[in-house]
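The structure under discussion appears below in the form of structure tokens.
Just so it is clear, none of the values below were taken in a lab; they were calculated from the coordinates. Quick caveat: nothing in here was measured; it's all calculated off a predicted structure. As a convention, Cβ positions derive from the backbone with ideal geometry for all residues, glycine included, and neighbour counts pool all protein chains shown.
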Amino acid sequence: MIRGERPSSRRAVRTKLGGAGSSKASPAVLILIADDHSLVRDAVAAYLKAADDQIDVVCVGSFDDAQQALSGADRFEVLLLDMSMPGMKGLATAVSLKDAFPRVRVALLSGSVEPGLALSAMKAGLDGFVPKTLSGPALVSVVQLIACGERYFPADQLEQHLTTAADPLALASDELEVLMRLRAGLSNKEIAKRTGLEEGRVKTLVRRLAKRFSARNRTEIALKSVDVIP
């Protein structure tokens, strides 16, 4: 997909799918698309509209607007979250939304292929990684799959890192879950509550992360990890 100009308005835009003659009073699936380029949002909404009249889409152009929309009265099933839009600070930002709105299935919408990002997103507990290079039909299928409760991560991007044990990107799932929340500024107690891990286990994982990144404290872990894990 081709990136377009950033929209001049920050207002959330709802795209009713199913046409003016649709008799559906409420959608079966409500999707939030958060991307700062209008052509991307419009293209994704158009593909979904053509494929399924039981879907409703709300579009926003920044992280703050996405957070506001999720906090509103609408009950979103899926959030497609652009990694490079205003307000995003890497994977930790997406994880913070997943923590704040656990019933919403959060998938990254990415126009770039960053090494290990799909694998990191999967280990961090997100629900999908959706390349903007997918064809229209493939994009629709992936979104429908995620909406049904499945997870989607492109196999070709995962295979590059699954067997690289010495690579910092090859963190265990619990290590990455702790790292993302540590980078968000959470305490060990808060991390334990969000992840379901015992607080003692969280402390052990923090020490392991400090050793892995040659860091003396939590701040250094956060700063040094950003260089290898977005």
Residue 84 versus residue 189: modelled label distance in nm, points set 7 Å from Cα along the beta carbon direction: 4.1
Computed E for residue 173/residue 74 - FRET, C-beta separation, R0 41 angstrom, nearest 0.05: 0.85
Contour excess over end-to-end distance, with Cα ends at residue 64 and residue 217 and 0.36 nm allotted per residue: 52.1 nm
For segment 13-158: rounded, prolate or oblate by the Cα gyration tensor [a/c cutoff 1.5]: prolate
Calculated from backbone phi, Karplus (6.51, -1.76, 1.60) coupling profile of segment 53-61 in Hz, x at Gly/Pro: 7, 9, 10, 10, 10, 10, 10, 9, x
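How much net charge surrounds residue 224 when only the other residues with a Cβ under 12 Å from the Cβ of residue 224 are counted, with Lys and Arg +1 and Asp and Glu -1? Walk me through the intermediate numbers first.
Numbers: positive: 183, 211, 212, 216, 218; negative: 220, 227.
Cβ neighbours under 12 Å give a net charge of +3.
Let me spell out the model: positive unit charges on the Cβ of Lys and Arg, negative unit charges on the Cβ of Asp and Glu, origin at the Cα centre of segment 28-140. What dipole size does that give, in debye rounded to 20?
Numbers: 9 positive and 14 negative charges, 63 e Å.
Around 300 debye, computed over segment 28-140.
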